[in-house]
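Presented below is the structure to which this report refers.
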Amino acid sequence: MEFNLKIWRQKNAKAKGHFETYHISGIEEDASFLEMLDILNEQLIREGCDPVAVERGCQSSGPVSFDHDCREGICGACSLYIDGRAHGPDDHVTTCQLFMRHFKDGATITVEPWRSAAFPVIKDLVVDRTAFDKILQAGGFISVRTGSAQDANNILIPHDKAEESMDAAACVGCGACVATCKNGSAMLFVAARVSSLALLPQGRPEAKRRAKAMVAKMDELGFGNCTNTRACELECPKGITVAHIARLNREFLKAKFSD
Amino acid sequence: MADKFTSKIPDGPLAQKWTKRKSEIHLVSPNNKRKLEIIVVGTGLGGASAAASLGELGYNVKIFCISDSPRRAHSIAAQGGINAAKNYQNDNDSIYRLFYDTIKGGDYRAREANVYRLAEVSAAIIDQCVAQGIPFAREYGGYLANRSFGGVQVSRTFYARGQTGQQLLLGAYASLNKEIAAGTVKSYPRHEMLDLVVINGEAKGIITRNLVTGQLERFGAHAVIIATGGYGNTYFLSTNAMNSNGSAALQCYKKGAYFANPCFAQIHPTCIPVHGDQQCKLTLMSESLRNDGRIWVPKKLEDVEKLRKHQIKASQIPEEDRDYYLERRYPAFGNLVPRDVASRAAKERCDAGFGVNETGKAVYLDFSEAIQRLGHQKVAERYGNLFEMYEKITASSPWEEPMMIYPAIHYTMGGIWVDYDLQTTIPGLYAIGEANFSDHGGNRLGASALMQGLADGYFIVPVTIGDYLSKKFAEPKTDVNRPEFAEAEKAVQARIDRLLSINGKETVDSIHKELGHIMWEYVGMARDKAGLEKAIGLIKDLRKRFYENVKVPGTQFEFNQELEKALRLEDFFEIGELMARDALNRNESCGGHFRVESQTEEGEAKRDDANYMYVAAWEYKGEGVEPELHKEPLVYENIKVITRNYKD
């Protein structure tokens, strides 16, 4: 297969970005999107392109930087806004599990980084998502010290509750929900953590503090408000639903009213 | 360094060794803990749990990772589960039995005392994880559910769908976040350790490269913990995450830490087969699938032909024409034999011509019987996300046709040599999790990597490091302006300058792929003397070519992924050579290490206890000089060493 790739290039956080277009051919249908980018990078390196060469007048900025790691859809490192959709045209996958058979041969594919005020670009397609870590540091945990726990089977959790908690816990922290939201809201991300813990008895003692602290941190870090467009749910690679946002809202209101 | 190369296994009966050691360990009072600094490198299960636990104890901890967030560490990709000797199933499980299975599964090449301790603390890990809010699978009564894994006959594996590693890591990461919020731990994401700083023979700090700015930075501490995982990516294609690397461990080796059993690499039997040259990563299908999936190839070569030509589908081959070769060869364990055994058996069938895909390198993992027996819903609950993942990758549904699988590099049992306290041969330097060599011998059992990472991080190193630090609290903070730091930084700078100045024609990945081919061909599932000697030569040549002709684009002072990869590949050459050297020395078949010269008439692995019942610990002797082999004899006082038998 062959493609024209229109890719966002940006030297660093301060630089002004621009699109560059590359042609690539000989791609197997079974290659993943990121393998295709690997092949493109090999090609660009062999052509002698790099950011230094650009200063000498080279037309291409060289290998494209993008975040990736596990390549099996679980680490949440990969991002990419592909043809206007977070993680590309396939549903319920991260970019690393998107395969070229989902594209038309000869197509022009536009690739951009997550675009959100809370996720500044580091380089090309790489963004800074430390805001997510900060939200979780505000309260996305149960305060148990190593060694204090009682026997695991002393805490009974109904099968369905555990499953529902697991549905929310499946969040990989990729940021697709934020990137796809017109308000740049992190509600689905926050809701996944709050909801997963709120469903479990272990999570109840700190439920109020957690909901308030995490929402406050989200606001502080420049994420937008939720206006119930449900775009996040559609693009979440792990199929996390807005039902968890509803639970977050309940938890948050309960906490506020008891103040 | 002879005195530092003692295992320090406590005296006394096996079951009391850990209790005894703990009672001997000197404590550090809370006001002194505040004065002590610890560096933890790596944020997977081992690193995150250690840093969180040390933070809770009151130490000042700095934690480093190469990803944008600690949560991305490769522990996250572990699927199937975590073992613990809870005996919740009433199937006669016990600490002893978990210990026994692990020693036997490791083919009698792990230390008794370390493995017993691992089994002993395993139950507390599950308690801890449940308290953190990890949504383990539950029975309808609300109690925890279990499943079986390879190499054992009890159900002791706890799981959270096929995402157990993810959930355990998010639990450890949550505890880490709690400590970051409390100010006891400071987190440095996108920082790569490029050297260890040793002062007067003791580990005192690290040199890192800030992966965003490219700046080299110095960090000092009273002790350093390495938790950077394994070196499976030496093979280029593996189930490891793309950024997983052996560099931190290798830098420790170069600074004097012995490296143990490097040749023990695990080849996992159930991975999605290689599809072509453009591939850069292999995907694991959890071993838990072998609980209900049955592995087979056709009995008739004409069926194989038709399958390869797509004239028939696997589901059309009648029952009597299928060879369930694991059930045939190993009736007592069937599809649940340990990984090394299952991998070799798959290779044997494929080498004999029965491989079922176009490349001839695949066997079937079939769920049709399980779907009939358990029903769609039960199977979906157990394996739904794995089926989905398989279908996404291969565009074939395991609900309709059997999965195709083939062995791939997955885990490395070898690693930095540590004593019973998990201290390396460099005082003040500790290694935990996959980065050390200690618990899995020649082969790791499924669902034991998560157990070991968390055992080391939550319960062992936070205790044992106290013994070392109890003598250090009067020492001032390490001054990073000392000449040792300057020298280490200068050496790192020289490496970077060299790589950026070569300006050749070949890419880092293309050379790494070649290294991978050499490793898989000669240091893979079957190894022999001639091949291993050849591999050492080929790696040397390739390395020479790398320094002559690699092209690393860009500059140091920017986000530069090619430079990151080039630095790691330098170290993979060294590790690959060390693996081949160790495999050459160990002229026996043992666990994941199969020497063609050492097999039974039936083609089963033949161990040589008389000559090789030892840990091979290698000491670095300088660039281009052969490393020196030190042997730690393995003594079995509580287990009778027998030939592993999974047949009856």
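Data for the structure
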| read-out | value |
| --- | --- |
| Scan of segment B:202-218 for residues that are in contact with a Ser or Thr (Cβ under 7 Å, 6 or more places away or on another chain) and crowded, with 23+ Cβ neighbours inside 10 Å, ordered by number | B:204, B:205 |
| In segment B:627-642, the residues that are closer than 30 Å to residue B:577 by Cα and assigned to a loop (DSSP other than H, G, I, E, B) | B:627, B:634, B:635 |
| Selection within segment B:162-201 - of a type in the set (S, T, N, Q) and in a strand (DSSP E or B) | B:187 |
| Some residue of segment B:247-265 being in a loop (DSSP other than H, G, I, E, B) and at pLDDT below 95 | no |
| Enumeration of residues in segment A:208-239 that are small (Gly, Ala, Ser) and under 22 Å from residue A:79 (Cβ atoms) | A:222, A:224, A:231, A:239 |
| Cβ pairs under 6 Å, 6+ apart, first in segment A:82-95 and closer than 11 Å to residue A:109 by Cα, second at pLDDT 95 or above and basic (Lys, Arg) | none |
| Some residue of segment B:110-126 being more than 24 Å from residue A:154 (Cα to Cα) and small (Gly, Ala, Ser) | yes |
| Subset of segment B:66-78 that is open to solvent by 10 Å² or more (accessible area, probe 1.4 Å) and more than 7 Å from chain A (Cβ to nearest Cβ) - its residue that is farthest from residue B:564 (Cα to Cα) | B:78 |
| Leading residue by the ranking (nearest to residue A:24 (Cα to Cα)) among those in segment A:109-129 that are in a loop (DSSP other than H, G, I, E, B) and more than 14 Å from chain B (Cβ to nearest Cβ) | A:115 |
| Lone qualifier among B:130, B:121 - being closer than 23 Å to residue A:142 by Cβ, crowded, with 24+ Cβ neighbours inside 10 Å and not polar (S, T, N, Q) | B:130 |
| Number of the exception - residue B:330 against (1) among the hydroxyl-bearing types (Ser, Thr, Tyr); (2) within 17 Å of residue B:403 (Cβ to Cβ); (3) more than 25 Å from the chain's Cα centre (by Cα) | (2) |
| Matching residues, segment B:106-153, being assigned to a loop (DSSP other than H, G, I, E, B), in contact with a helix residue (DSSP H, G or I) (Cβ under 8 Å, 6 or more places away or on another chain) and hydrophobic (A, V, I, L, M, F, W, C) | B:110, B:134, B:136, B:137, B:149, B:152 |
| Subset of segment A:41-61 [open to solvent by 30 Å² or more (accessible area, probe 1.4 Å) and over 17 Å from residue B:505 (Cβ atoms)] | A:54, A:55, A:56, A:57, A:59 |
| Flag if residue A:38 is of a type outside the set (A, V, I, L, M), in a loop (DSSP other than H, G, I, E, B) and at pLDDT 95 or above | no |
| Scope segment A:1-16; condition within 14 Å of chain B (Cβ to nearest Cβ) and in a loop (DSSP other than H, G, I, E, B); matching residues | A:1, A:2, A:10, A:11, A:12, A:13, A:14, A:15 |
| Residue A:71 vs. criteria touching a strand residue (DSSP E or B) at 6+ places or on another chain (Cβ under 9 Å), in the same structural domain as residue A:97 (by TED's automatic domain parsing), within 30 Å of residue A:169 (Cα to Cα) and open to solvent by 10 Å² or more (accessible area, probe 1.4 Å) | yes |
| Single unsatisfied condition, residue B:44 versus (1) closer than 22 Å to residue B:438 by Cα; (2) more than 12 Å from chain A (Cβ to nearest Cβ); (3) not acidic (Asp, Glu) | (2) |
| Residue that is farthest from residue B:247 (Cα to Cα) [pool: residues in segment B:411-431 that are within 11 Å of the chain's Cα centre (by Cα) and not aromatic (Phe, Trp, Tyr)] | B:413 |
| Failed condition for residue B:535, given (1) free of Cβ contacts under 8 Å to residues at least 60 places away in the same chain; (2) open to solvent by 20 Å² or more (accessible area, probe 1.4 Å); (3) assigned to a helix (DSSP H, G or I) | (2) |
| Top-ranked residue of segment B:612-626 - restricted to ones that are in a strand (DSSP E or B) and either among the hydrophobic types (A, V, I, L, M, F, W, C) or modelled with pLDDT under 95 (or both), ranked as nearest to residue B:114 (Cα to Cα) | B:615 |
| Lone qualifier among B:187, B:148, B:155 - being surrounded by fewer than 24 Cβ atoms within 10 Å (Cβ to Cβ), touching a Cys at 6+ places or on another chain (Cβ under 9 Å) and small (Gly, Ala, Ser) | B:187 |
| All positions within segment B:46-101 that are over 30 Å from residue B:187 (Cα atoms) and over 23 Å from the mean Cα position of the chain (by Cα) | B:86, B:87, B:88, B:89, B:90, B:91, B:92, B:93, B:94, B:96 |
| Residues (outside any helix (DSSP H, G or I) and not hydroxyl-bearing (Ser, Thr, Tyr)) located in segment B:434-454 | B:436, B:437, B:439, B:440, B:441, B:442, B:443, B:444, B:445, B:446, B:447 |
| Subset of segment B:612-648 that is surrounded by fewer than 18 Cβ atoms within 10 Å (Cβ to Cβ) and among the small types (Gly, Ala, Ser) - its residue that is nearest to residue B:6 (Cα to Cα) | B:622 |
| The one condition in (1) at positive phi; (2) open to solvent by less than 10 Å² (accessible area, probe 1.4 Å) that residue B:222 fails to fulfil | (1) |
| Total residues in segment B:468-504, condition in contact with a helix residue (DSSP H, G or I) (Cβ under 7 Å, 6 or more places away or on another chain) and surrounded by fewer than 13 Cβ atoms within 10 Å (Cβ to Cβ) | 0 |
| Test for residue A:223: is it surrounded by fewer than 24 Cβ atoms within 10 Å (Cβ to Cβ) and among the aromatic types (Phe, Trp, Tyr) | no |
| Selection from segment B:179-237 of residues that are more than 14 Å from chain A (Cβ to nearest Cβ) and small (Gly, Ala, Ser) | B:201, B:203, B:205, B:220, B:221, B:223, B:227, B:230 |
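The values are calculated or read from the model by the stated rules, or taken from the named source; none is laboratory data. Values in this document were obtained by computation on a predicted structure and should not be read as measured data. As a convention, Cβ positions derive from the backbone with ideal geometry for all residues, glycine included, and neighbour counts pool all protein chains shown. The area values use the complete protein model at the heavy-atom level, side chains included, leaving out ligands, DNA and RNA. Shrake-Rupley method; radii C 1.70, N 1.55, O 1.52, S 1.80 Å.
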